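Have a look at the structure below before the remarks.
The values are calculated or read from the model by the stated rules, or taken from the named source; none is laboratory data. Everything numeric here is computed off the predicted structure, so don't read it as measured data. Every residue, glycine among them, receives a Cβ derived from its backbone with ideal geometry; neighbour counts consider all protein chains shown.
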Amino acid sequence: MFKLVHILTDPEAEREKASIASLSGIVDYGIEYVQEINQPYDGEDWKLVKNWAHDIYPNHGSRHYGAFTSFKQGVLKNFTEDLDALILCECDCVLSVTLAEFSEQIKKSYDFVKDNQLSYYTFGYPSSGMPEFSPKHAEDPKHPHSYITDKIICAHCVMLPSHERDFIRSEISSRPWETPDVWFNMVFHTRGPSKFGAMNQGIAFQHEGFSMIDQRWK
């Protein structure tokens, strides 16, 4: 069983409307779809604990903290024991394929993750023109659509498998905050070298619009 959690902030914004239109119909293919709507964060709690990678990213502030807490809430509310995997999508995520193709890719990618005991997986674009975002370390001939990496940049469409459920739920409640992609990279490597999965040709992209995190059009 798979569940897709769509993390939103303003469902009436054009980019979020486009994202909802792109993803919400996944229910027609047997995948549960849930919207988690969060207000843009402008509080001061982020100052109480330094972001985890503050030596590398000292500019991370309130909106980065808000992104993390939205992912944290999405995980704790939705990553239940009955799921094979939880898929988290940001508010600007849009697909370049049909929902039928996406649902099939979810199943294929889950099998790839299970067969190789990967910690998590991205449907995003790092391998399409930005190989430095997710360097290719290994491949599995049974799964030619994907490859194994040790880093994922951008978390606009990622899948967390059930074999990492307890670890993720525990760590996300106790570790310092960070942007979601950096946090996932760091938390799995606390146990030693870890393996992630990425697509050879990404199928999830970020819709053009005003970024709540970066406070600019991108």
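Counting only residues that are of a type outside the set (Gly, Ala, Ser), crowded, with 17+ Cβ neighbours inside 10 Å and assigned to a helix (DSSP H, G or I), which one in the range 73-93 is nearest to the chain's Cα centre (by Cα)?
For the range 73-93, the residue satisfying everything is VAL75.
Among (1) over 25 Å from SER170 (Cβ atoms); (2) touching a His at 6+ places or on another chain (Cβ under 7 Å), there is one condition ARG63 misses while meeting the rest; what is its number?
(2)
If THR122 meets every condition in (1) modelled with pLDDT of 95 or more; (2) farther than 22 Å from GLY74 by Cα; (3) crowded, with 22+ Cβ neighbours inside 10 Å apart from one, which number is that one?
Evaluating THR122 over (1) modelled with pLDDT of 95 or more; (2) farther than 22 Å from GLY74 by Cα; (3) crowded, with 22+ Cβ neighbours inside 10 Å leaves (2) as the failure.
Looking only at the range 19-52, count every residue that is hydrophobic (A, V, I, L, M, F, W, C) and surrounded by 17 or more Cβ atoms within 10 Å (Cβ to Cβ) and tell me the total. Show your work before the answer.
Taking the range 19-52 as the starting set, the residues that turn out to be hydrophobic (A, V, I, L, M, F, W, C) are 20-21, 23, 26-27, 31, 34, 37, 46, 48-49, 52.
Those left that are additionally surrounded by 17 or more Cβ atoms within 10 Å (Cβ to Cβ): 20, 23, 26, 31, 46, 52.
So the answer is 6.
Output the residues belonging to the range 19-47 that are assigned to a loop (DSSP other than H, G, I, E, B) and under 21 Å from VAL75 (Cβ atoms). Give the steps one after another, and end with the answer.
Going residue by residue through the range 19-47, those that are assigned to a loop (DSSP other than H, G, I, E, B) are 30-31, 38-44.
Result: ILE31, ASN38, GLN39, PRO40, TYR41, GLY43.
From (1) of a type in the set (D, E, K, R); (2) touching a residue at least 40 places away in the same chain (Cβ under 8 Å); (3) not in a helix (DSSP H, G or I), pick out the condition that doesn't hold for GLU16.
For GLU16, the exception is condition (3).
Residues in the range 188-196: is at least one assigned to a helix (DSSP H, G or I) and at pLDDT 95 or above? Spell out how you get there, then give the answer.
Initial filter on the range 188-196 (assigned to a helix (DSSP H, G or I)): 188-189.
Pick out the ones that are also at pLDDT 95 or above and you get 188-189.
Yes, the conditions are met somewhere in the range 188-196.
Just need a number here: residues in the range 142-185 that are in a helix (DSSP H, G or I), farther than 21 Å from ASN116 by Cβ and either touching a Lys or Arg at 6+ places or on another chain (Cβ under 8 Å) or without any contact (Cβ under 8 Å) to a residue 12 or more places away in the chain (or both).
Number of matching residues: 3.
Suppose we keep only residues that are in contact with a helix residue (DSSP H, G or I) (Cβ under 7 Å, 6 or more places away or on another chain) and not small (Gly, Ala, Ser) within the range 58-80. Which one would you say is farthest from GLN35 (Cα to Cα)? I'd like the intermediate steps shown before the answer.
Kept after step one, since they are in contact with a helix residue (DSSP H, G or I) (Cβ under 7 Å, 6 or more places away or on another chain), are these residues of the range 58-80: 61-62, 65, 67-68, 71-72, 75-76, 79.
From what is left, the residues that are not small (Gly, Ala, Ser) are 65, 68, 71-72, 75-76, 79.
Values: TYR65: 20, PHE68: 16, PHE71: 12, LYS72: 14, VAL75: 12, LEU76: 14, PHE79: 14 Å.
It comes out as TYR65.
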